[in-house]
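Q: Input: one structure, supplied below.
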Amino acid sequence: MQAIRKCGPAAVALVLALGMAAPAAGQTYAIQGGTVHTLAGRAFVGTVVISEGRIVAVGENVEPPAGAEVVDATGKHVYPGMFDAVSGLGLTEIGAVDVTNDSREQGNFNPHLQAATAIHPASEHIPVARANGITLTMAAPQGGDGSIAGQASLVGLDGWTVEEMWVEPGAAMVIRYPSLGGGGGFRGRRFGPPRSWRQQQERYEEAVERLDEWMDAGRRYDQAAKAGVDMPRDLKNEAMAKVVGGEMPVLLGADGERNIRNAVEWAERQEIRFVITGGREAWKIAEWLAEHDVQIILSPTQTMPSGLDEAYDEAYANPGKLHAAGVKIAFATFNSSASRTLPYEAAQAVPYGLPHEAALEAVTKNAAEMLGLGDRIGTIEEGKLANIMITDGDPLEIQTQVTDLFILGRGVSLDNKHKSLYEKYRGRPGRRIVS
Amino acid sequence: MQAVSRLPLGRGLLGRHARLGALAVLAVLPAVLSAQPRPTRPAGLRLYAIEGVRIVTVSGSVVEDGAVVVEDGLIARAGANVETPPGAWVLDGAGKTVYPGLVDAFTTLGHGGEPSARAGFGGGGAGGPPNQEERNHSWGPDDRPGTSSWLTAADDIDGGDDRFEQWRNAGFTTVVSTLHAGLIAGQAAVLNLGSFDRPREMVVATPVAMRINVQDRSRTYTGYPGSSMGVLAYLKQFYYDAMHYRDVWAEYEADPSGKRRPEWDISLEPVRMQFAEGWPVLFPAGSRSDVGRAIRTTREMGVAPIVYGAQGAYAAADLLAANGIPALVDLDWPEPPRDGDPDAEPALEQLRLYDRAPTTPGALAAAGVKFAFYSGGLDGPGEVLPAVRRAVAQGLSEEEAVRALTLSAAEIFGVDDRLGSIEEGKIANLILVRGSLLDEGARPEAVFVDGELFEVDAAEEEDGDDETEEAAGGGPEDEEPGAEAEAETGTEEDSRPGPRRRGRMGRRPAGPDPATPPVPMSADKGPYRDDPATLIRNATVLTASRGTLANTDVLLRDGKIARVGAGLDAPRDAVVVDATGKYVTPGIIDAHSHMAATSINEGSVNVSSMVTIEDVIRPEDLGMYRALAGGVTTINILHGSANPVGGGNAVIKLRWGADADDLLIGAHKGIKFALGENTKRDRNPDRYPATRMGVQDVIRQAFLEAREYMEEWDAYEESGSRGVAPRRDLKLEALAEILTGERWVHSHSYRADEILQLLRLAEEFGFRVRTLQHVLEGYKVADEIAAHGAGASTFSDWWAYKVEAYDAIPHNAALMTERGVLVSINSDSGEEIRHLNQEAAKAMKWGGLDEEQALRLVTLNPAIQFGIDDRTGSIDEGKDADVTIWEGHPLSMFGKAVQTYVDGKLYFDIDMDRERQAAVRTEKKALLEKHTEAN
């Protein structure tokens, strides 16, 4: 236990070894001496006790239970682990190599498919994300405009198998709301046959009708099932039944101002639980979104303005404007290899108007609350799953290092492919050529 | 059908009605004539006079009451006191005006095809899918892609082209006809629209110009050149070839005896003639930057340009005037699409073109630019005068308008000695108009071509109008979407005056009142301030060269960093900026960018060293301003990575609003190379190489060829440069420059093995690779890179997007730095460039660089890599005043640029940006109201 108290890299390795060797759920840790940012109240210097995968005690004067492994966090900061609200972690390995991609199935109606089925627990991307404090993600399937792509799975970023990783395999349904407009023109240049406004509208209406039909079918199936009608099992309708019944929230993709407005109105008509994903132009209707109590998982802040004549900092200022209007936001990378940059997507919004505290909440607890998982993850509170990071500074800052990480109660390694390559080649001796 | 009566003004007919109003009489004739055989030529009206007519001579003053005597197809006399010669037939011109016949200065009449309506640089060269036969695939300039220089519009005229008659009815006696297909499309000719049954007789002059296109819209070839920079390189190479050809033949012909006869070349022969006779090229240019490219390119081609398109030339009148370049203005004024998305907002640039294109003629006239008009994309010649009237409503004088339609066009094409004005001795190309040509509804009643009279049938012409209107006017199908759109956007019905719903010529709903002055342009470009001196006071200065200086002042004067120190006195003329609590760094330098260019890849061939980004800089790219807002002052625009040997780069400063030429800063010449996946992936048709072995081979072969080329030139120069110089080859010239050290190689690379192989290949040929770009596995061979002396320019933390990026690590920059490599971090992206300071900071997190080492990754180091460190890259006295002020530490996530200076001029200011944004929004709102909501 002496090694753990020192808490250097070697200690982390040991934690890993212990975590992996012993049944994970049995481990008990006491994180001591750090400034604890619970995100459920004020910060304090104190102790967090983890046991059986959960946070069992938090406070200034908590005594470590007997047998707990003590992690010395003196001079450091203890935060809830970060939650990349939507990512492709585990579903893709090498972007350009099709056979390594499992995020996009054929067809546009796959509500019964579940990301967890294809998450590759040994993906090199997972430990890379982890090393920067990402502890949780919703790995999400992808689909085209107007599609129902499948179910996103909430997973912790540690586990020998996906079963050890997952928290909620059917956490949310991924729907890309159809966009109105576009087609046949791009920034004033034509690349396809131009569509008239009327044709654009027709295409849009058809896509919405298709969505409505899928929803209605789910509703009918649900009613029939509840009425005990004997019928063949339909996996798609079964999945849709959870959506129409409000059991499963929807990640409703929409970026443009009109697109978001239409999506929200549609979702309200359908009376479903939903979160908008994307939201690039959401600032334009921030008040309206607040009135409608809409919550948004924002796509990366570090992106170009939505239009040629938009302000250079449109995307940087978007989160701050939404927050100021009272819209609840969370950040996500919607990516796999870039998942580790999640804190920077939040931080980028800070000098452009988003309060620092709000930025932090938007990479930890907000998404959890949006998905109805706020009672299980997102903050450092007793009873919650133990996803905790220990840092040497502000986790939103680039130069901050994550020194220790706990996922689902397990102390995990911060080693990864990058670090090992770094160490290997840093240790490369001078050139040796035999002549 | 069209509405002309050819009137055989025979003696018998007119003789009986001498001194009567000839036209009044003739007007009743068509019904009679239509039953008669189509006359092949008016029979013998050799001598006649138009009396009592107002004469707009164009070349001289207007004669209010005079006569024009036409004899044998020429103007014999014209003026106030002209006597009708005995025996002449007389036409009564009372109440009418005679003008020189109109000239449509750029058409394809007689040859089919569309004249390029929207001339300018779009991007690609050969467009569209590769649907051509293999034989039309071009693998380089030697394949003469899109070239038909030997074809002339004077040959093979299609006498059955309906447009001849249509144009003549609208008052055009003359057109410049061109062939439209390809890049070097062929020779233009001036045609008179008289007896087109015998096309040879139509030709007034040929050749008058060579038509050049920068996009092959007819897809006459696939392959090279496949980009705008490829097209420009090809045009230059082709004309260099022609110069060489000319010289070779001149030498031979001077004394053929004992010499081997040079090979005759059908494509170069006409250019030899062009050089000898001095006729110009017709070169497309829509915008100011297009005009700049036209000037630069034709200068190298050794020919004078006439630019066509020119709708955005309102912003380039000074350039055209200074260079004495004439312009042909397309009268198809751009308008918003009528049935588009009602919420779609055209970009400011586009809206301004809608608003200002019709001001171009007035601006050109005011600047003294010679210009003419062409019907371009208009639906027909009947739309020409209404379009000209819009230009008149926007500041062009009627006199200038008429001149542009007549004499100016003749002058531009060198036929003003024979037509274009009403002067004795000129061809009797005349039109007779009731009232004035530019009156609303005015149109010619009679058209004389080569003295031959064609009368325009008023009644049929009217019918034609109505038909068009019914066909294209607002039927229910067209109106409904508009109405829905209104409901959605809440536009007031009242704001749409009823009469405007009726289309001009039934084609589109009318735009705004043509006389409405243009919406004032906001100052969206250029520096916010340009002060003789600026004192930045009391900042934390990260010099990038000698550490961080607390509480330090920086004085910028005359574009340079004049002083750096504590407690500097503010010069009397200095603007003082209080930077207490703020940070100052050198302006950020991006070592790898692809913005601000009309094309990036010439990937059609595996060696494209003949192309260069410098040819296609696009100074309108808003990305430049956005980068300034991220503290960036200098960027290196690189060719893409589609081929092992790419093209030349362009190192520019972000002088937002300046012309392309003024952005270049004279960095050491460079060229992009590329290795690995991008160069070898599958292409259609197959392109060598497909392996890393082949990539290496392509580069080695290219250098072997370049060596031979150098030897050829060396031999020539050693022999005292006597005789004809060897052929200039732009591709090999650039490669030779690498071998002599004049041009540095910046090579895209990923894997350690390919990096090593390129270094060894360079060593084999005796040069050093200047930078390895991306170089994601550079950390694996850092010692080798350092020993070779190459720099490295990498990403901060991108990885896994392809196989060769799977071993990328974010420690790369730090590890290479540790091993002695000169490292920079680049963006390769329009977004990443906006926070390169953060990307640099990642090398502190991953690998532990210190603050100055990290900052150098995006300042001093890239400056060294491009040979501009004597001018920029650090805060040192004497360097260019390229300086960024930050609120918050620049190596923190929370630092943001608040001011960016380039050459001491303030190009970004976070507060003034707000004002500019507001001004742009105001302008845009006014433009949208004017140009879209009225529709």
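The values are calculated or read from the model by the stated rules, or taken from the named source; none is laboratory data. Since the structure is predicted, the reported quantities are computational estimates derived from the model, not experimental observations. Glycine gets a Cβ as well: all are built from the backbone with ideal geometry, and neighbour counts include every protein chain shown.
Q: At pLDDT 95 or above and over 19 Å from the mean Cα position of the chain (by Cα): is that true of residue B:316 in this structure?
A: Spelling it out, it is not the case that residue B:316 is at pLDDT 95 or above and over 19 Å from the mean Cα position of the chain (by Cα).
Q: In region B:294-326, which residue that is aliphatic (A, V, I, L, M), farther than 15 Å from residue B:659 by Cα and in contact with a Phe, Trp or Tyr (Cβ under 6 Å, 6 or more places away or on another chain) is surrounded by the fewest Cβ atoms within 10 Å (Cβ to Cβ)?
A: My answer is B:301.
Q: State whether the residues of region B:409-418 include one that is closer than 30 Å to residue A:200 by Cβ and in contact with a Phe, Trp or Tyr (Cβ under 8 Å, 6 or more places away or on another chain).
A: No, that holds for no residue.
Q: Of the residues that sit in region A:393-435 and are touching a strand residue (DSSP E or B) at 6+ places or on another chain (Cβ under 6 Å) and of a type outside the set (A, V, I, L, M, F, W, C), which one is nearest to the other protein chains (Cβ to nearest Cβ)?
A: Filtering first and then ranking leaves A:400.
Q: Surrounded by fewer than 24 Cβ atoms within 10 Å (Cβ to Cβ) and touching a His at 6+ places or on another chain (Cβ under 8 Å): does that describe residue A:112?
A: In short, no.
Q: Does residue B:447 fit the bill of being buried (at least 24 other Cβ atoms within 10 Å of the Cβ) and either out of contact with any strand residue (DSSP E or B) (no Cβ under 6 Å at 6 or more places or on another chain) or among the charged types (D, E, K, R) (or both)?
A: No; evaluated as a whole, the condition is false for this residue.
Q: Quick one: is residue A:101 farther than 23 Å from residue A:241 by Cα, within 14 Å of another protein chain (Cβ to nearest Cβ) and surrounded by fewer than 21 Cβ atoms within 10 Å (Cβ to Cβ)?
A: So residue A:101 fits the description; yes.
Q: Being assigned to a loop (DSSP other than H, G, I, E, B) and on the phi > 0 side of the Ramachandran plot: is that true of residue B:666 here?
A: yes
Q: Oh, and also: Just one of (1) among the hydroxyl-bearing types (Ser, Thr, Tyr); (2) in contact with a strand residue (DSSP E or B) (Cβ under 8 Å, 6 or more places away or on another chain); (3) farther than 30 Å from residue B:840 by Cα trips up residue B:932, so point out which.
A: (2)
Q: Scanning region B:566-592 for residues that are in contact with a strand residue (DSSP E or B) (Cβ under 6 Å, 6 or more places away or on another chain) and either without any contact (Cβ under 8 Å) to a residue 40 or more places away in the chain or part of a loop (DSSP other than H, G, I, E, B) (or both), which turns out surrounded by the most Cβ atoms within 10 Å (Cβ to Cβ)?
A: B:587
Q: Testing residue A:83 on (1) part of a loop (DSSP other than H, G, I, E, B); (2) in contact (Cβ under 8 Å) with a residue 40 or more places away in the chain; (3) closer than 17 Å to residue A:333 by Cβ, one condition comes back false. Which one is that?
A: (1)
Q: Another one. In this structure, is residue B:608 touching a His at 6+ places or on another chain (Cβ under 7 Å) and in the same structural domain as residue B:837 (by TED's automatic domain parsing)?
A: Details: touching a His at 6+ places or on another chain (Cβ under 7 Å): no; in the same structural domain as residue B:837 (by TED's automatic domain parsing): yes.
In short, no.
Q: Shifting gears a bit: Return only the number of the condition from (1) modelled with pLDDT of 95 or more; (2) in contact with a Leu (Cβ under 7 Å, 6 or more places away or on another chain); (3) hydrophobic (A, V, I, L, M, F, W, C) that residue B:45 does not satisfy.
A: (1)
Q: Does residue B:790 satisfy the condition of being within 13 Å of another protein chain (Cβ to nearest Cβ) and in contact (Cβ under 8 Å) with a residue 12 or more places away in the chain?
A: Numbers: within 13 Å of another protein chain (Cβ to nearest Cβ): no; in contact (Cβ under 8 Å) with a residue 12 or more places away in the chain: yes.
Answer is no for this residue.
Q: Can I ask one more? Suppose we filter B:804, B:852, B:832 for residues that are surrounded by fewer than 24 Cβ atoms within 10 Å (Cβ to Cβ), more than 10 Å from every other protein chain (Cβ to nearest Cβ) and either modelled with pLDDT of 95 or more or touching a Lys or Arg at 6+ places or on another chain (Cβ under 8 Å) (or both); which single one remains?
A: Working: B:804 fails: more than 10 Å from every other protein chain (Cβ to nearest Cβ); B:832 fails: more than 10 Å from every other protein chain (Cβ to nearest Cβ).
It is B:852.
Q: I'd like to know if region A:116-134 contains one or more residues that are in a strand (DSSP E or B), more than 14 Å from chain B (Cβ to nearest Cβ), at pLDDT 95 or above and within 17 Å of the chain's Cα centre (by Cα). Can you show your working first?
A: Narrowing region A:116-134 to residues in a strand (DSSP E or B): A:134.
Next, from what is left, pick out any that are more than 14 Å from chain B (Cβ to nearest Cβ): none.
Within region A:116-134, not a single residue is in a strand (DSSP E or B), more than 14 Å from chain B (Cβ to nearest Cβ), at pLDDT 95 or above and within 17 Å of the chain's Cα centre (by Cα).
Q: Of the conditions (1) within 11 Å of another protein chain (Cβ to nearest Cβ); (2) closer than 25 Å to residue A:338 by Cβ; (3) touching a helix residue (DSSP H, G or I) at 6+ places or on another chain (Cβ under 8 Å); (4) outside any loop (DSSP other than H, G, I, E, B), residue B:817 fails just one. Which one is it?
A: Of everything listed in (1) within 11 Å of another protein chain (Cβ to nearest Cβ); (2) closer than 25 Å to residue A:338 by Cβ; (3) touching a helix residue (DSSP H, G or I) at 6+ places or on another chain (Cβ under 8 Å); (4) outside any loop (DSSP other than H, G, I, E, B), residue B:817 misses just condition (1).
Q: Might you check whether a residue that is in a helix (DSSP H, G or I), more than 14 Å from every other protein chain (Cβ to nearest Cβ) and under 14 Å from the mean Cα position of the chain (by Cα) occurs anywhere in region A:354-364?
A: Yes, the conditions are met somewhere in region A:354-364.
Q: Of all the residues that make up region A:288-320, how many are over 16 Å from residue A:346 (Cβ atoms), more than 9 Å from chain B (Cβ to nearest Cβ) and either in contact (Cβ under 8 Å) with a residue 24 or more places away in the chain or of a type in the set (Lys, Arg) (or both)?
A: So the answer is 7.
Q: For region B:154-191, name all the residues that are among the hydrophobic types (A, V, I, L, M, F, W, C), part of a loop (DSSP other than H, G, I, E, B) and over 24 Å from the mean Cα position of the chain (by Cα).
A: Once the filter is applied, which keeps residues that are among the hydrophobic types (A, V, I, L, M, F, W, C), part of a loop (DSSP other than H, G, I, E, B) and over 24 Å from the mean Cα position of the chain (by Cα), region B:154-191 yields B:154, B:157, B:170.
Q: Taking residue A:287 as the residue in question, decide whether it is more than 19 Å from residue A:84 (Cα to Cα), modelled with pLDDT of 95 or more, in contact with a helix residue (DSSP H, G or I) (Cβ under 6 Å, 6 or more places away or on another chain) and surrounded by fewer than 23 Cβ atoms within 10 Å (Cβ to Cβ).
A: Against the criterion (more than 19 Å from residue A:84 (Cα to Cα), modelled with pLDDT of 95 or more, in contact with a helix residue (DSSP H, G or I) (Cβ under 6 Å, 6 or more places away or on another chain) and surrounded by fewer than 23 Cβ atoms within 10 Å (Cβ to Cβ)), residue A:287 qualifies.
Q: Just to check your reading of the model, which residue among B:274, B:350 is free of Cβ contacts under 8 Å to residues at least 40 places away in the same chain, over 22 Å from residue B:400 (Cα atoms) and assigned by TED's automatic domain parsing to the domain that holds residue B:247?
A: None of the others qualify; the one that does is B:350.
Q: Turning to a different aspect of this structure: Of the residues in region A:139-169, how many are surrounded by 24 or more Cβ atoms within 10 Å (Cβ to Cβ) and either under 16 Å from residue A:114 (Cβ atoms) or among the aliphatic types (A, V, I, L, M) (or both)?
A: So the count comes out to 14.
Q: When you check residue B:808 against the structure, is it under 39 Å from the mean Cα position of the chain (by Cα) and outside any helix (DSSP H, G or I), yes or no?
A: Judged against the criteria, residue B:808 is not a match.
Q: What are the residues in region B:580-621 that are among the polar types (S, T, N, Q) and closer than 21 Å to residue B:643 by Cβ, if any?
A: Within region B:580-621, B:593, B:598, B:599, B:601, B:604, B:606, B:608, B:609, B:612 qualify.
Q: For region B:622-629, indicate whether the set of residues that are more than 18 Å from residue B:702 (Cβ to Cβ), within 14 Å of chain A (Cβ to nearest Cβ) and assigned to a loop (DSSP other than H, G, I, E, B) is non-empty. Explain how you work it out, then say what you get.
A: Residues of region B:622-629 more than 18 Å from residue B:702 (Cβ to Cβ): B:622-629.
With within 14 Å of chain A (Cβ to nearest Cβ) added as a condition, the list becomes B:622-629.
In the following step, the residues that additionally are assigned to a loop (DSSP other than H, G, I, E, B) were identified as B:622, B:629.
Yes - at least one qualifying residue is present in region B:622-629.
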